[in-house]
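Working notes, structure below.
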Amino acid sequence: MAFDGSVVACLKEELNRKVLDGRILKVAQPEKDELILTIKKDGTQHRLMISVNPSLPLMYLTEKNSASPLKAPAFCMLLRKHLQNGRISAIEQPSLERILHFHIEHFNEMGDLCTSILTVELMGKHSNIIFRDGTKILDSIKHVSAFMSSVREVLPGREYFIPFEGEKSDPLNSSAEELQKLFESQPAAKTVVKTLYTSYTGISPVFAEEIAYQAGIDSARPIQSLNPEELHFLWTSFSSSMQKIRDCAFAPNIVYEKEIPSFYGPFHYEIYKGQKTEDYESISALLYDYYAKKKTVTDMRQKTADLRQIVQTLLNKDYKKYDLQLKQLKDTEKKDKYQLYGELITAYGYNVPESSTSMKAENYHTGEEITIPLDPMLSPIDNGKKYFEKYSKLKRTAEALNEIIVQTKTEIDHLESISASLDTVQDEADAVELKKEMIESGYIKYKGKYNAKKEAGKAIKSSPLHFISSDGFDIYVGKNNYQNEYISFKLADGGDWWFHAKNLPGSHVIVKTNGKELPDKTFEEAASLAAHFSKAEGAPKVEIDYVQRKHLKKPAGAKPGYVIYHTNYSMSAETDISGIREA
């Protein structure tokens, strides 16, 4: 999700409520491209974090503080000199730009009251914090010379202007006629979504997708293909979205995909309808949580990257091995034909002349006449023996292959279950448990002699996921095979219900009944959890097997989390779990 103009507008509304008319107590510059302003208003202190890191420009209110360097940078010292104890008199957002102007009243060296402007530009690689007196730049956190940009220099003494201003239209002050003229001027092949985000300031591609979706128009359609009625629908949707921003009718929320934050926005976007969402009263709290959670997911993915690589390498190897074994097994199907040939030659070969290259005989299974190839260098009886030898050899090969194929398939299933578990890793303990399983399964070589009991004592404990159904029943979801085995064979009683995606690697799900009969709604929610925490790859519906715990069996010597059952029920379930409460 881009930090677009609608998000900045939502942030401006929050800053107007919380820090407008507040006084700047402290100015800190913890990083070369980051500022923290401590602002006091109505007896409450707020910290405004501003980062113009080109890879992640951000601004939000936070309670967190960062350590500052012993010697403050020159830009920080300049801001302290002029802005300390200054009052924020206005916060402006030009058009729907990703820019905020903070107007700050303060006293100059002569003791006269004056107003300076601190401009924050959150525009990707062009992000900057600029301190100015009117249009004259006094300094900036990043200096941009003519060698770095042919569009605008950002240096002390230069005139300030907004880069690229005029290239795009102001969406907040547009009209239906302007939109129509704008669309008519576009190249015929240009799509609806691209026209919106390249023609108006502050509109990101995903915001443009939402506008088109609300209008009932395929965003990938060429703009010139829209008829007058569709253009009217598009304008209605566009105008409605802009009115929300003008009215400050914001509803900040994070959208999740498989428990991972995938999108955030200042409104509820209909294109994400049905996915799990988390609402926030504060856009600042949202931004902090979103990027903190994203960082946790990223860190966990980095920590498990080696495990993923090992699992995928082993799976690729086993897939090839499995395909080759199946092909070899198919080749052994000739054994039945060779057995038949041997039996027919033994029964009727006495009539066949020596040096014959073939013989005809009736297949006593089907009644059809078949031709049997013969080696003219061998007698008919020796030809029969040769076919029996081929049969015996292929039979032994088939028996060995059937056993090997079962072993290979078992290993593939186990590795796929580990792969699925890697997608549910949430913390260090989950990663440690998976690594332990891979060591004990022989997929990772352990330096020295591995002592399972000793390592178990040192391991960080990881817990299964815990949900509460709409009817108040406890539902447990295993995040890896050890947890699957624990909840299925230790936590669950015989009368509890077990759920799992049919023929797919995924989590075991247990519903604790406490001797009560489960309502239909709880069955549906448990099945949805089993579908969600599986390798269903976001399929809208997944077939789920469910059975009472007493019908589960674990074969002797089986891998962790492996179970068998011979009687079960099945149902189709959605992967959406947004309505299920986590305990």
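Every read-out reported here was derived from the displayed coordinates using simple, explicitly stated rules and does not represent laboratory data. As the structure is a prediction and not an experimental result, all values here were calculated from the model. Cβ placement follows ideal geometry from the backbone for every residue including glycine, while neighbour counts extend to all protein chains displayed.
In the calculated pair-distance distribution of segment 42-174, the portion above 24 angstrom amounts to 33 percent of the Cα-Cα pairs.
Of all lysines in the structure, those lying under 17 Å Cα to Cα from LYS516, and not within fewer than 8 positions of it along the same chain, are LYS550.
Go through PHE131, SER95, GLN214 and say which Cα lies farthest out towards the positive end of the charge dipole of the chain; charges sit on Cβ, +1 for Lys and Arg, -1 for Asp and Glu. With unit charges placed on the Cβ atoms, the residue in question is PHE131.
With the simple model of a label 7 Å out from the Cα in the direction of the Cβ, SER68 to SER145 spans 2.9 nm. For segment 310-419, the Stokes-Einstein estimate of translational diffusion at 10 °C and a viscosity of 1.306 mPa s comes to 97 µm²/s, using the Kirkwood hydrodynamic radius over alpha-carbon pairs. Set the Cα radius of gyration of segment 523-583 against 2.2 N^0.38 Å, with N its number of residues, and you get 1.26. Computed from label points 7 Å out along Cα-Cβ, the spacing between ARG396 and ASP323 is 3.0 nm. Our note on the geometry: Cα centres of segment 162-177 and segment 205-280, 19 Å apart. As a calculated quantity, the FRET efficiency between GLU92 and LYS181 at R0 = 35 Å, using C-beta atoms, amounts to about 0.80.
Amide H contacts for ASN53 (H built 1.01 Å from N in the peptide plane; partners 5 or more residues away or on another chain; cut-off under 5 Å): LEU58. Taking the square roots of five times each eigenvalue of the Cα gyration tensor of the chain, the equivalent ellipsoid has semi-axes of 67, 31, 25 Å, listed largest first. Other residues whose C-beta falls under 15 angstrom from the C-beta of SER185 contribute a net charge of 0, scoring Lys and Arg +1 and Asp and Glu -1. Averaging 1/r over every pair of different alpha carbons in segment 454-583 and inverting the result gives a Kirkwood radius of 14.8 Å. Under the simplified labelling scheme, the GLN224-ASP42 pair shows an inter-label distance of 5.6 nm, with each label point 7 Å from Cα along Cα→Cβ.
Set the bar at 19 Å for Cα to Cα. Now go through LYS436/LYS512; LYS334/LYS393; LYS18/LYS244 and name every pair that lies beyond it.
Pairs exceeding the cut-off: LYS436/LYS512; LYS18/LYS244.
Sum up the charges of everything whose Cβ sits under 12 Å from the Cβ of LYS40, counting Lys and Arg as +1 and Asp and Glu as -1, but leave LYS40 out.
Charge balance near LYS40 sits at +4.
Which of LYS337/LYS385; LYS317/LYS479; LYS337/LYS386; LYS360/LYS385 have a Cα-Cα distance over 19 Å?
LYS317/LYS479
The order of ILE217, ILE345, ILE370, going from fewest to most other C-beta atoms within 10 Å of their C-beta, is ILE370, ILE217, ILE345.
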